[in-house]
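Note sheet for the following structure.
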Amino acid sequence: MNQGKVPMDGGSGLAQNPFAKLNASGLPEGPQSPAATKIEAAPGRNRGRVDIRRETGGRAGKTVTVADGFIGIASPEKEQLAKRIRAACGTGGTVKEGRIEMQGDHRETVAKVLAAAGFLPVLAGG
């Protein structure tokens, strides 16, 4: 009676689990980035003032949020901060000349991410 039809009753479970013999406890820990470790370990101390401002000049009228004034952090750590800010804002951004630039007006979000990383964000300008 069921000629050429596939049964739709859910079938039976797998007779054999192909993953049953795998054991994850013997695997080594994954590598950790030293820059990411610094950012997460930093909130307990004050890492210095960072100015956050909105700029439109020289950008064909486009608004850009700029965070600068970082003292004592290297370029890889700024890249990690920029990555976190881009994810929080949901927009593009980059690190140029020691400054973090985000597309759009995201001063409040940038301030929250920098404060979580241990910096003292200061909203500057209009």
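The values are calculated or read from the model by the stated rules, or taken from the named source; none is laboratory data. This is a predicted model, so every value here is computed, not measured. Backbone-built Cβ (ideal geometry, glycine too); neighbour counts: all protein chains shown.
Would the range 50-66 turn up any residue that is at pLDDT below 90, under 19 Å from residue 118 (Cα atoms) and either assigned to a loop (DSSP other than H, G, I, E, B) or in contact with a Pro (Cβ under 9 Å, 6 or more places away or on another chain) (or both)?
Within the range 50-66, none of the residues are at pLDDT below 90, under 19 Å from residue 118 (Cα atoms) and either assigned to a loop (DSSP other than H, G, I, E, B) or in contact with a Pro (Cβ under 9 Å, 6 or more places away or on another chain) (or both).
Out of (1) modelled with pLDDT of 90 or more; (2) surrounded by 13 or more Cβ atoms within 10 Å (Cβ to Cβ); (3) assigned to a helix (DSSP H, G or I), what's the single condition that is false for residue 43?
Of everything listed in (1) modelled with pLDDT of 90 or more; (2) surrounded by 13 or more Cβ atoms within 10 Å (Cβ to Cβ); (3) assigned to a helix (DSSP H, G or I), residue 43 misses just condition (1).
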